[in-house]
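Let me begin by presenting the structure, written as structure tokens, before commenting on it.
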Amino acid sequence: MRLRNKVAVITGAGSGIGRTTALLFSEEGAKVAIVEIDKERGQDTVDMIRGKGQEAFLVPTDITDPSQVKSMVRKVIEAYQKINILVNNAGLYVQGDVIRTNEEQWDKIMAVNLRAAFLCCKYCIPRMIESKGGVVINVSSEAGIVAIKNQVAYNTSKAGLISLTKSIALDFASQNIRANCVCPGTTQTPLVASSLAKQADPERARQKLEKVRPANRLGKPEEIAYGILYLASDESLYATGAVLSVDGGYTAQ
């Protein structure tokens, strides 16, 4: 019960890493606010948590909209009176170099992957300060550490998320706010499955992703979730501004 009596806000918790993290946090004693634009998927996560006798509720939110983020924070406070942990997990992916990526794709990726995290931090951190401390975990990517070919918008958004994390760590350390970043390698999530399905030869594309990393396989959502749990718990009290790679050795090469 490493998160007993903690209140966690998790964005993009309707599937993949976000859902797995929400389930793990609830098992560790946290009350979880499921922040998800897809109401059906978000409610499915809530139902999974409640089915185990644990506590969660859905806050349908477009996290790129400041007014909706403000409303989300207000609803969490009304339900649980505090916010201890924020996990900025929601994300989009698009392929393309700087020529083939259009302006609309660029703006959408930046809005969801970076601006939304900024907004959630902007409106959650003051509530953490009221509670004398809190933790922000931003879910970046191996692509935020090393650029990956043909995904310029995604690379840039995830690199920006690392810098946002470090900036928050510096700015709020004196107020007992910790901010850290998890950088997953390619993980078996619906987002990755969707991307692979669009390839001419999905199986060959998957094998290529596996072979470029020393572990010779894709990650599992629970392997990323345990990294997020570590950074959310008191086991990592001295860690702030840190970047935790969970990528099968990809960025160590």
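Here, each number is a calculation from the coordinates, and none is a lab measurement. Since this is a predicted model, take the numbers as computed values, not measurements. No Cβ is skipped: glycine too gets one built from the backbone with ideal geometry, and neighbour counts run over all protein chains shown.
Points worth noting:
- Among 149, 82, sorting on how many other beta-carbon atoms sit within 10 Å of each Cβ, with the fewest leading, yields 149, 82.
- Note on residue 163 and residue 130: the extension gain reaches 9.4 nm, defined as 0.36 nm multiplied by sequence separation minus the Cα-Cα distance.
- The stretch 71-176 - Kirkwood radius from inverse mean 1/r over Cα pairs (Å): 14.7 Å
- In whole percents, the pair-distance distribution calculated for the chain from its alpha-carbon pairs, binned every 10 Å from zero, is 8, 33, 38, 18, 4, 0.
- Taking the DSSP beta bridges with both ends in the chain, the antiparallel portion is around 0 percent.
- Pairs beyond 23 Å (Cα-Cα), from 31/70; 39/70; 6/220; 82/108: 6/220; 82/108
- Over the residues of the chain, the helix contribution to mean residue ellipticity at 222 nm works out to -14000 deg cm²/dmol, using -39500 (n - 2.57) for each DSSP H run of at least 4.
- Over the stretch 35-102: Kirkwood hydrodynamic radius from C-alpha pairwise inverse distances, Å: 14.1 Å
- Spherically averaged projected area of the convex hull of Cα atoms, the stretch 1-136: 8.3 nm².
- Couplings 3J(HN,Hα) for the stretch 92-101, derived from phi with the Karplus relation 6.51 cos²θ - 1.76 cosθ + 1.60 (θ = phi - 60°), are 10, 9, 8, 8, x, 7, 5, 7, 7, 7 Hz, where x marks Gly and Pro.
- P(r) of the stretch 163-253 over all Cα-Cα pairs, binned every 5 Å from zero, in whole percent: 3, 13, 19, 18, 15, 12, 9, 6, 3, 1, 0
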